[in-house]
Amino acid sequence: MKRFWILAAAISGSIISGTAFSSGNAQVGATKAVVCKACHGATGNSLNPQWPSLAGLGAGYITEQLQNFKSGKRPNPIMAANVAALTPQDMEDLGAYFNSLPNTGLQADPKYWKAGEKLYRGGDRSSGVPACMGCHGPTAAGNEPGKIPALRGQHATYVIKQLQDYASGARMTGPNNIMEVIAKRLTADDMRNVASYVKGIR
């Protein structure tokens with residue numbers, strides 16, 4: 001129980017300590033987003049569940065992930081090639097642009113979303129998993145100052161894959177390795193349930 005609250009406190013501290021805001025220009029970013037739209041959708045809402053929707057995801061988070069792809073901190077051959085020529089300002093502009101677009105939302109799987117809601121909003125003390133909304137917000141809108149991504153309307157397939165990558169160590173990004181710690185405590189059912197829940201949040 002004590003370790004559960006220590007982790008929750010660490011998460012809160014990480015959010016509070018993140019104070020950087022994007023300095024990107026959304027209008028300029030729109031002119032640089034042609035290649036991005038081929039996979040992530042003309043309106044930033046991806047049609048392929050393996051590729052994330054970027055609309056409303058969070059400007060700072062998008063910028064940071066582009067930086068991670070370019071540096072190799074987040075390995076992905078396709079994204080590495082796409083960001084190779086981007087400047088830091090390009091990344092800021094793209095982040096601002098995609099964050100300015102509305103997420104159109106998706107339909108949650110009725111078989112799983114209720115269990116997902118319970119985990120998202122209340123966590124699981126027995127396994128030491130804090131409530132997801134502690135970082136990602138009660139409506140899964142994320143936390144821009146902390147560069148915590150919005151999860152609402154995101155493809156469940158994509159969210160599950162990211163949780164799996166965090167759990168396996170294939171992805172190691174984010175403040176204080178919090179997501180790696182949490183993901184290792186999630187069961188396959190937990191991942192499916194919470195991913196289905198956030199998929200349906202409007």
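Among residues of the range 12-59 being surrounded by 15 or more Cβ atoms within 10 Å (Cβ to Cβ) and at pLDDT below 95, the one that is nearest to residue 142 (Cα to Cα) is 15.
Restricting the range 63-100 to residues that are touching a Cys at 6+ places or on another chain (Cβ under 8 Å) and surrounded by 24 or more Cβ atoms within 10 Å (Cβ to Cβ) leaves a set whose member that is farthest from residue 41 (Cα to Cα) is 94. Going through the range 181-202 one residue at a time, which ones are under 16 Å from the mean Cα position of the chain (by Cα) and more than 16 Å from residue 136 (Cβ to Cβ)? Scanning the range 181-202 gives a single hit, 192. Residues that are farther than 16 Å from residue 40 by Cα, free of Cβ contacts under 8 Å to residues at least 40 places away in the same chain and in a helix (DSSP H, G or I) are absent from the range 53-62 altogether. Scan 150, 167 and give me the residue that is in contact with a helix residue (DSSP H, G or I) (Cβ under 8 Å, 6 or more places away or on another chain), part of a helix (DSSP H, G or I) and closer than 23 Å to residue 76 by Cβ. Just a single option satisfies the conditions, and that option is 167. Taken together, 178, 160 contain a single residue that is touching a Ser or Thr at 6+ places or on another chain (Cβ under 7 Å), among the β-branched types (Val, Ile, Thr), assigned to a helix (DSSP H, G or I) and touching a residue at least 24 places away in the same chain (Cβ under 8 Å), which is 178. Tell me, yes or no, whether the range 117-138 has at least one residue that is under 22 Å from residue 41 (Cβ atoms) and in contact with a Ser or Thr (Cβ under 7 Å, 6 or more places away or on another chain). No, there is no match, as no residue in the range 117-138 is under 22 Å from residue 41 (Cβ atoms) and in contact with a Ser or Thr (Cβ under 7 Å, 6 or more places away or on another chain).
For every residue, the table says whether it meets (1) under 17 Å from residue 185 (Cα atoms); (2) assigned to a loop (DSSP other than H, G, I, E, B); (3) over 15 Å from the mean Cα position of the chain (by Cα).
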residue	(1), (2), (3)
96	no, no, yes
101	no, yes, yes
109	no, yes, yes
116	yes, no, yes
119	yes, no, yes
139	no, yes, no
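Across the range 181-202, the number of residues qualifying as basic (Lys, Arg) and part of a helix (DSSP H, G or I) comes to 3.
The values are calculated or read from the model by the stated rules, or taken from the named source; none is laboratory data. As the structure is a prediction and not an experimental result, all values here were calculated from the model. Cβ sites come from the backbone with ideal geometry, for glycine too, and all protein chains shown count toward neighbours.
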